[in-house]
Structures are given as C-alpha cells and as structure tokens.
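Worksheet: the structure to be examined is printed underneath.
The values are calculated or read from the model by the stated rules, or taken from the named source; none is laboratory data. Treat the numbers as computed from the prediction; the structure is a model and nothing was measured. A quick note on method: Cβ atoms are made from the backbone with ideal geometry, for glycine too, and the neighbour counts reach across all protein chains shown.
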Amino acid sequence: MIYNIAIAVYQFAVKVAALFSPKPAKMVKGHREVFDLLRDKIDRNARYIWFHAASLGEFEQGRPLIERIRKDYPQYKILQTFFSPSGYEVRKNYEGADVVCYLPFDTPRNVEKFIELARPCMAFFIKYEFWQNYLNALSAKGIPVYSVSSIFRPGQIFFRWYGKSYQKVLKTFTHLFVQDEASKQLLAGIGVDRTTVVGDTRFDRVLDIFAAAKELPLVERFKGGALTFVAGSSWGPDEDIFIKYFNAHPEVKLVIAPHVVDEAHLQEIASKLQRPCVRYTQATEADVANAGCMLIDCYGLLSSIYRYGEISYVGGGFGVGIHNVLEAAVYGIPVIFGPNNKKFREARHLLAQRGGFEIAGYEDFERLMDRFLSDEAYLKASGKAAGDYVKDNAGALEKIMEGVTL
C-alpha cells in the first residue's frame, strides 16, 4: 500500500516537472505512447526475452548478455525497456533489440497491461532494478526473472529494520547474479539464497568495445610519434587542471573529449588553451599535423580515442562523480581522476592495483605527470596494472549463461 502511494506520488511529480523541463517531458510522452507501441510492434507469435535497464549505464552492463542471447538463441526476440530518457533517447534505435520502449510506472494497472501486451517468456533486470509490482506479477505468472550485475550494501532498504516487508521483492527473483561475495552474504542474511557471484558484465562489455574499436586516421595523424594524453568526459574543473599542465609541456599532445559538447563549452575550453588547437569535425590532415590539442566536438568516439593515449584522465571527479574508468583502463594505460570516486567500485579497485590515480588538485596532477614523463618504466607498469585489472575481472557473461535455462 505504502509502495503504491509512493509510486503514484512519483508519477505525479514527474508530470509536474514535465511542464517545466524537457527531460521529464520526453519521459511523460514516451510513457503515454508505450502501450500503442507494444500493440503495433509485438509479434504475437514470437517469444520475447525482456531486458530492463534504468538508464544507459545499466543498459551497457546488460548489453553483452543481450547480444550473446541474440547470437546463440535467434529463436527468441528481444524487448528492451528503459526508465530514464537518458537511456531510451540514446538507444531507442538499438539494433540488438526487436522492440525498445519506456517501462511504464510500476502501478498495478500499468503492470497488468504491460505484461499482457509484451508477453515475455523470461525477464532480466539489470543492477538496481527492483520494481515490486512488476516482479510480483512476473513471479505469479511463473515467468523466470533474473537480476544481473546487482550489488548490495548494508545501507539499502532491504537490510534495515524498516525494510523487512520490502525484502520479499528479492525473493521473487528466479536467481540473482551478483557482483561480489559481500552481496551474496547480505542476501543470505535475509533468506535469499538463489544467488551466484559472477562479477560485473561491464568488464565483458569494455573488452567487446576494445575489440571493435574504430581506427581514426585523423587522430592517429595528430598523435604522430608524440606521447598523448587523452581526457574523456571532462568538465570545467577537470579542464582547469590538465590544461594548465599541458600549456607548459609542448612535448605532450592533448585530446579532450568533454562530457558536454556544446558551443559554449567548446569555446570555454579553447579560451584556456595556449597552444594550437583543432576541432575534430573541422580539421584537415594538414591542420592536425601542426596542432598540439585536438578537441572532440562530437559524441561516440571516446571509447576508440583512448587507444591513442599513453595516459588517460576521466572527468567528473570534482563534481557529479567520475565517469567510466574501464573504457580507458582496457587499453592498458593509467587512469587519472578526481576525488569524488568513493562510490565507484572500479575506481577504488584501480587505485588499489596502482593502475588508477586520484588527484585532489593541480599540485597532485603535476607531481604525477612529471613522474610519468620522466619514468618510462613507471608509466608502463601503471598501464599494465590498469589493463590487467580489466582482463582479470572479465568472465561474468559466461557464468550467467551457464546459470540461465534457455
């Protein structure tokens, strides 16, 4: 009862926010169209495996599993749902799924209608997705449902004295494929024992990305034979630090792929640079040969650009929290990031393995970069530690496939 009230309040709040902001407005519009989309797109003669991810990051965790099932079991069709516009708007045309749509709010009426139209024969919920009404309905209908790459901490509601009634939702899963032993033990403590420790499918995903990385001749020509520093998903505070160092070190080339690619931010970055800079989409081969910095003014290239670096920087650590460190680490290069990384498991492990490096400000960055530039053995050892961390933690996909009956 309390849960349903909370969902109703949340739904109302999103509708109000949609009057003032484009992101919730897209979400409300998408939710309004879901049932018509399902009526139009769902093949009533096919068997659908349903994957649900809150947003883009969770989708990337589930993607290796989607694509393996797609390849090995073509008799099934794939339904992919998102809760957030930041996932749906980016992947609404994802070719690995037959149908992509929003997941309607978790009200009893929506749940009944969604399952009746989608008719899934199996479901996978990625990481933190624990929608009580959907899970109860799937369980009641005998539809197998799995949790993938989930991770649990003592502070979550399931393990608090006031969360006992919500523990039941975890018992509706056919199986939970969790990231670590601590999660398995926490679940065992509340009577949830259908669990297997498999690790995180993100490691499998970045290895797939690594294998499919694009060759970018313009970036390769820009790099030449110079040591290259690649800064990915950067924000203003990140850029203030590494650009200051870069301006004083002409022997290092710099590639910046900012998190926000708009004209105002691009001009702000350019104003800080004191060496020749080119924009990727506007540059010619002649331009890049004489430039010291390349500014990536488009999306979709970062995961391939890291391959051209000897040192990487992942932004967000001085604000919202760091972005994806694994995309850089997979190339066997050290990863530098800011202090807001405590909740990011991969960053903490990279620090422990000496493949990742936290900085608190310019002085830390300067000391670290000076050592990288003067000590080639240290630079290589740090990069190897980063690459080994990714390789050593891959394999979750195979363990999940062994535990699922298809």
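Odds and ends about this structure:
- For region 292-331, the candidate set comprises residues that are in a helix (DSSP H, G or I) and under 16 Å from the mean Cα position of the chain (by Cα); within that set, the residue that is nearest to residue 256 (Cα to Cα) is 302.
- First in region 6-17 and closer than 10 Å to residue 28 by Cα and assigned by TED's automatic domain parsing to the domain that holds residue 131, second anywhere and among the β-branched types (Val, Ile, Thr) and assigned to a helix (DSSP H, G or I), Cβ under 6 Å, 6 or more apart: 15/28
- Some residue of region 245-253 being under 14 Å from residue 301 (Cα atoms), modelled with pLDDT of 95 or more and either surrounded by 18 or more Cβ atoms within 10 Å (Cβ to Cβ) or in contact with a Pro (Cβ under 7 Å, 6 or more places away or on another chain) (or both): no
- Scan of region 243-285 for residues that are over 25 Å from the mean Cα position of the chain (by Cα) and part of a loop (DSSP other than H, G, I, E, B), ordered by number: 248, 249, 250, 251, 273, 274, 275, 276, 283, 284
- Residue 381 in a helix (DSSP H, G or I), among the aliphatic types (A, V, I, L, M) and under 15 Å from residue 312 (Cα atoms): yes
- Qualifying residue in region 87-105 (condition: in a strand (DSSP E or B), aromatic (Phe, Trp, Tyr) and closer than 20 Å to residue 201 by Cα): no
- If the condition is being in a helix (DSSP H, G or I), at pLDDT 95 or above and hydrophobic (A, V, I, L, M, F, W, C), then region 38-77 contributes 38, 65, 66, 69.
- Residues that are of a type in the set (A, V, I, L, M) and without any contact (Cβ under 8 Å) to a residue 60 or more places away in the chain were ranked within region 337-361; the one that is nearest to residue 235 (Cα to Cα) is 360.
- Of everything in region 31-83 that is aromatic (Phe, Trp, Tyr) and out of contact with any helix residue (DSSP H, G or I) (no Cβ under 7 Å at 6 or more places or on another chain), the residue that is nearest to residue 93 (Cα to Cα) is 83.
- Annotation for region 221-238: at least one member residue is aliphatic (A, V, I, L, M) and touching a Gly at 6+ places or on another chain (Cβ under 8 Å).
- Complete set of residues in region 209-220 that are surrounded by fewer than 17 Cβ atoms within 10 Å (Cβ to Cβ) and of a type outside the set (A, V, I, L, M): 214, 215, 217, 220
- Here 225, 163 are screened, and the one residue that is without any contact (Cβ under 8 Å) to a residue 12 or more places away in the chain, exposed (fewer than 14 other Cβ atoms within 10 Å of the Cβ) and assigned by TED's automatic domain parsing to the domain that holds residue 292 is 225.
- Flag if residue 148 is in the same structural domain as residue 9 (by TED's automatic domain parsing), within 21 Å of the chain's Cα centre (by Cα) and surrounded by 17 or more Cβ atoms within 10 Å (Cβ to Cβ): yes
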